[in-house]
Amino acid sequence: MSVSTRALLETVDQIYQAGCDPAHWPEAVASCHSLFPGTAFSLFICMDGIGHLPPTTTAGWDPDSIRQYVAHYYKLNPYNDLLRCVAPGQVARASQMFGRQWLDRQPFYHEWLKPAGDYTHGANLTFKRSPGSLTRLSCDIPERLSHLEAPAAQFLHSVGRHFARALEVTSRLRAARATEGGLQGLLDRISGAAFLVRPPRKVVAANRRAVVFLEQRRLVRMSLASELTFVACRADEAFHRALQSGFVTAKPPPPASFMVTNEGNGRYQVLVLPFRISKTLATLGADPGFALVLINDRRRAPSPPSEVLKNLYRLSQAEASVVLSITEGDSLQTTADRLGICRATARNQLAAAMAKLGVHRQAELVGVVTALAPCLDLGPDE
């Protein structure tokens with residue numbers, strides 16, 4: 001038996017559909033199973049070191065058997081140890097990994113595999129294996145259909161790279177959604193207008209106040225391509241220079257600040273900062289090349305930005321305390337005495353905070369915090 005080219009292409013198409021919408025993974029696995037009637041297909045995904053998870057999706061297995069496996073038998077499964085010796089991307093055939101005598105000695109076979117369908121053969125393909133994650137596709141084959149093992153292994157070899165790519169698409173979509181939610185949550189803590197911009201001018205996130213400015217179209221506008229521009233020519237030129245200095249140089253640029261006046265004679269200060277994403281978002285695949293654009297109404301009273309410094313730039317409480325002390329005019333020694341720490345600790349915390357804020361001198365640090373202060377909403381989270 002061999003899988004026709006047409007059937008293979010149709011299955012591959014379903015695999016990529018599932019990559020773009022994980023809700024379709026059951027359909028993709030069912031498509032694989034339909035090519036080998038009488039077998040059982042399973043897609044296992046275990047992430048974040050949570051431990052054993054039930055098969056993400058299956059086809060051909062009796063649901064009661066799967067429930068029994070999860071509840072009682074997964075700890076007896078000897079296949080996991082055998083498959084750890086198989087490199088990711090390599091198809092493993094059951095009959096080549098062990099003999100019948102080995103199988104007959106396994107309680108797992110007699111207590112679960114045999115009652116579930118006398119599965120003695122099969123093919124497995126591991127896509128990803130690490131201490132914190134596992135992704136594997138398995139085709140389990142009963143004794144009476146042992147002749148299907150070779151074509152099933154060939155099938156997994158043919159579709160393996162497509163599964164891997166589709167799963168990567170799923171992972172990137174998950175990362176993008178997590179990143180979007182995380183960044184939006186940070187922006188919503190700012191009561192002034194805040195935009196996250198990717199070069200050259202593309203807006204990737206904006207808080208509620210920023211949306212109001214866009215709707216008014218007096219101060220800033222956004223094109224159909226989501227590019228941010230300032231209505232005033234001089235302000236737009238200053239914005240362009242700030243972005244250029246931030247994205248064409250290897251080192252993080254100093255913060256850029258300029259004033260802009262709208263049609264109602266309102267005066268606003270604009271601050272353009274290199275945005276430092278957290279390690280968590282970076283791990284998820286977030287693009288670090290952002291600029292944070294803050295538009296601050298100069299009439300607002302300033303307030304210390306300690307809480308948002310911690311949330312927005314991931315400063316620790318100790319780092320935020322040192323920064324605020326320095327920006328209030330205290331020397332490093334006075335800061336250390338005031339916080340009850342040694343001078344070396346204060347210096348290290350200050351250096352760590354400046355790195356997260358993307359500044360290189362204390363004068364730049366003072367400018368950033370002074371400009372940030374009127375923009376930030378320090379009330380408790382709702």
Practice problem: Scan region 56-105 for residues that are assigned to a loop (DSSP other than H, G, I, E, B) and among the charged types (D, E, K, R) and report the count. | Solution: 3
Quiz prompt | Members of region 282-321 found to be among the polar types (S, T, N, Q) and either at pLDDT 50 or above or open to solvent by less than 10 Å² (accessible area, probe 1.4 Å) (or both), listed by number | solution = ASN296, SER306, ASN311, SER316, GLN317, SER321
Quiz prompt | Pairs with Cβ under 7 Å, 6+ apart, first in region 109-121 and open to solvent by less than 30 Å² (accessible area, probe 1.4 Å), second of a type in the set (D, E, K, R) | solution = ALA116/ASP62; TYR119/ASP140; THR120/GLU143
Quiz item: Of everything in region 322-338 that's touching a Lys or Arg at 6+ places or on another chain (Cβ under 8 Å) and polar (S, T, N, Q), which residue is surrounded by the most Cβ atoms within 10 Å (Cβ to Cβ)?
Solution: SER325
Quiz item: If you scan region 327-346, which residues turn out to be touching a helix residue (DSSP H, G or I) at 6+ places or on another chain (Cβ under 6 Å) and within 29 Å of ALA291 (Cα to Cα)?
Solution: THR327, ALA346
Quiz item: What number goes with the only condition from (1) hydroxyl-bearing (Ser, Thr, Tyr); (2) modelled with pLDDT of 85 or more; (3) assigned to a loop (DSSP other than H, G, I, E, B) that THR229 does not pass?
Solution: (3)
Quiz item: Out of all the residues in region 234-257, is one or more β-branched (Val, Ile, Thr), in contact with a strand residue (DSSP E or B) (Cβ under 7 Å, 6 or more places away or on another chain) and at pLDDT below 85?
Solution: no
Quiz prompt | Filter result (open to solvent by less than 30 Å² (accessible area, probe 1.4 Å), at pLDDT 85 or above and under 21 Å from LEU125 (Cβ atoms)) within region 163-214 | solution = PHE163, ALA166
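The values are calculated or read from the model by the stated rules, or taken from the named source; none is laboratory data. Keep in mind it's a predicted model, so treat the numbers as computed, not measured. In this analysis, Cβ positions are derived from the backbone assuming ideal geometry, glycine residues included, and neighbour counts consider all displayed protein chains. Remember, those area values only see protein heavy atoms, side chains included, never the ligands or the DNA or RNA. Shrake-Rupley method; radii C 1.70, N 1.55, O 1.52, S 1.80 Å.
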